[in-house]
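Right, one structure below, let's go through it.
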Amino acid sequence: MGLSAAGMASGLDVAGMTQQLVAAERKPKADRITDQQKKVDVSLSAYGQVKSSMSSIQTMLEKFGKDDAFSSQKATSDNSDYVSVKADAKAKNGTYTINVSQMAQSHKLMSEKSFSGDPEASLGSGDMVIKVGDKSMTLNINEDNDDLSSIVDAINNAEDNPGLTATTINDGNGARIVFSSNETGENNTIEIDTSAMQGDLASLGSKLEEMQKAQNAEIMIDNHIPVSSDTNTFEDVIEGVTLDLKKLTGTSGSGNAETDDIDVKSVKITIENDEKSTKDSLKSFVDAYNGLIATTDKLTGFDPDKEPDDPNRAGALNGDSLTRSVLSQMRGLMNEPIEVNGKMYQLSDFGISVQRDGTLELEEDSDKLDDIISENFNVIGQFFGQEDTGFLAKADKLLDSFTDKTDGALSVKEDTLKERQKSLDDDMAQLDKRMKAYEDRTYKQFLAMDEAIGQMNNQLNSMMSLMLSFE
């Protein structure tokens, strides 16, 4: 309720006295809830920082695994304008010479006859059978779609279109229909059958010019191995390698001036260990892990030189058992040996050492680190990438035990704190209700007292007046 400024009968500050009593009653209770809310908020933020740091490491390691970061191969082409190349972790080191003798291309047919483009002109009716490779469709042409534009649209928009596009080219006498296969390769030839049709389109199927032949791409590897593909991309012809053809390479003395005049006669591709990727990945891992250590050190630290009442004297998670468990298990993983081909290896074998403060240090001598990676490249790949038993798999399992959204220890802790946060919000809301009731009750009591004092004053004034009348 609204509070009046003063007692009408007594002159007492009823509203002011009520507010002072309510404030005095509310303050210790509200302060206690507020202090608890602040502690919960600080803890929730601190756990969130730890979880975020661990999740970042987990995301990075998952990407390492997906990209084969510690066993990746590097593929280079000495002329990517003719042949570009990519390699995955399955590729083996080697050098190859590639000759491109034929590029893959799609089939393209054009009608010999020109047709009217007038939307009112009917070109015929009946069933048109269109086939591309081993796929086909039957398109019925009737009075609703028998003009040139409608026929082209019907072909292109058909749900069972077998894989071609129809267009028109105006030659001055009308429009010719052009059929283009959507995919390259000699197995994607186009066939048009209009024998069941009437009108101008009836002869279309038998009167088509081949604008472009359907053909496969052809290459020669090391001047010895011929290989064909229905596209200009060759995958796993060389294990783990993808070749993308751009142009024909030249020939010598073939009698074909078009190819004999091409200066680039072959393209050399090289597959080798991507040691730089491995080195960069090791550095990224060390930096990310040290970031986690820095975060936890800040949150669990204690500075005895600060005053006891200094809020920065102890970190938000100082003495926290869960954070100690995170650090203990992560440090254990950093020192855990992993078996590769019957021999045990640790991170220290690959230039990563665990320092006394728990951080990791990568070999500072870049040349020495390069030698370590070069000499142990295959072992490093297996150390990190082995399924179930490799470092990445073990790290993911450990990190997941803390960060999993459902039952990860840090996630469970966050959920508990959020529930506590909600409970404290409810407590504050309940306190507000109680204080409102207390305010109303107190105000009414003061009003009653004000009224009683007013009555007493009136009685006193009456008595004084009566006494004065006897003088």
Residues within the stretch 205-230 that are outside any strand (DSSP E or B) and crowded, with 17+ Cβ neighbours inside 10 Å, tallied: 4
Failed item, numbered, when residue 280 is tested on (1) over 30 Å from residue 78 (Cβ atoms); (2) assigned to a helix (DSSP H, G or I): (1)
Among the residues listed as 286, 178, 237, 267, the single one being in the same structural domain as residue 333 (by TED's automatic domain parsing), of a type in the set (Val, Ile, Thr) and at pLDDT 95 or above: 286
Candidates 186, 191 - the one that is surrounded by 15 or more Cβ atoms within 10 Å (Cβ to Cβ), assigned to a loop (DSSP other than H, G, I, E, B) and not assigned by TED's automatic domain parsing to the domain that holds residue 94: 186
Long-range neighbours under 6 Å by Cβ, at least six apart or interchain, first residue closer than 17 Å to residue 183 by Cα within the stretch 150-162, second of a type in the set (D, E, K, R) and not in a loop (DSSP other than H, G, I, E, B): 162/135
Meets criteria (in contact (Cβ under 8 Å) with a residue 24 or more places away in the chain and either assigned to a loop (DSSP other than H, G, I, E, B) or farther than 30 Å from residue 373 by Cα (or both)) for residue 288: no
Among the residues listed as 448, 395, the single one being exposed (fewer than 12 other Cβ atoms within 10 Å of the Cβ) and in a helix (DSSP H, G or I): 448
Filtered residue count, the stretch 231-262, keeping only those that are in a loop (DSSP other than H, G, I, E, B), under 12 Å from residue 100 (Cα atoms) and among the aliphatic types (A, V, I, L, M): 2
Residue satisfying condition, being polar (S, T, N, Q), assigned by TED's automatic domain parsing to the domain that holds residue 177 and either out of contact with any helix residue (DSSP H, G or I) (no Cβ under 6 Å at 6 or more places or on another chain) or surrounded by fewer than 17 Cβ atoms within 10 Å (Cβ to Cβ) (or both), within set 45, 125, 77: 125
Counted residues, the stretch 265-277 - those being in a loop (DSSP other than H, G, I, E, B) and surrounded by 16 or more Cβ atoms within 10 Å (Cβ to Cβ): 2
Criterion (on the phi > 0 side of the Ramachandran plot and loosely packed, with under 13 Cβ neighbours inside 10 Å) met by exactly one of 432, 426, 388: 388
Pairs, first assigned to a strand (DSSP E or B) in the stretch 116-139, second basic (Lys, Arg), C-beta under 9 Å, six or more apart: 137/131
Tally of residues being closer than 30 Å to residue 254 by Cβ and out of contact with any Leu (no Cβ under 9 Å at 6 or more places or on another chain) across the stretch 107-121: 1
Members of the stretch 157-183 found to be more than 26 Å from residue 218 (Cβ to Cβ) and surrounded by fewer than 16 Cβ atoms within 10 Å (Cβ to Cβ), listed by number: 157, 158, 159, 160, 167, 169, 170, 171, 172, 173
Residue, nearest to the chain's Cα centre (by Cα), within the stretch 362-385, restricted to residues that are touching a residue at least 24 places away in the same chain (Cβ under 8 Å) and either exposed (fewer than 10 other Cβ atoms within 10 Å of the Cβ) or within 17 Å of residue 74 (Cα to Cα) (or both): 381
Pick from the stretch 309-323, criterion touching a helix residue (DSSP H, G or I) at 6+ places or on another chain (Cβ under 7 Å) and either on the phi > 0 side of the Ramachandran plot or assigned to a loop (DSSP other than H, G, I, E, B) (or both), ranking: surrounded by the fewest Cβ atoms within 10 Å (Cβ to Cβ): 318
Residue 202 being buried (at least 16 other Cβ atoms within 10 Å of the Cβ) and closer than 29 Å to residue 179 by Cα: yes
Pairs where the first residue, in the stretch 47-70, is within 14 Å of residue 398 (Cα to Cα) and the second is small (Gly, Ala, Ser) and buried (at least 21 other Cβ atoms within 10 Å of the Cβ), C-beta under 6 Å, 6+ apart: 61/395
The stretch 105-117, residues that are within 15 Å of residue 176 (Cα to Cα) and either surrounded by 13 or more Cβ atoms within 10 Å (Cβ to Cβ) or assigned by TED's automatic domain parsing to the domain that holds residue 248 (or both): 108, 109, 110, 111, 113, 114, 115, 116, 117
Options 46, 91: the member that is of a type outside the set (Ser, Thr, Tyr) and in a loop (DSSP other than H, G, I, E, B): 91
Top-ranked residue of the stretch 282-308 - restricted to ones that are in contact with an Asp or Glu (Cβ under 9 Å, 6 or more places away or on another chain) and within 17 Å of residue 53 (Cα to Cα), ranked as surrounded by the fewest Cβ atoms within 10 Å (Cβ to Cβ): 297
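The values are calculated or read from the model by the stated rules, or taken from the named source; none is laboratory data. None of the values given here were measured: they were computed from a predicted structure. Note that each Cβ is placed from the backbone with ideal geometry, even for glycine, and that neighbours are counted across all protein chains shown.
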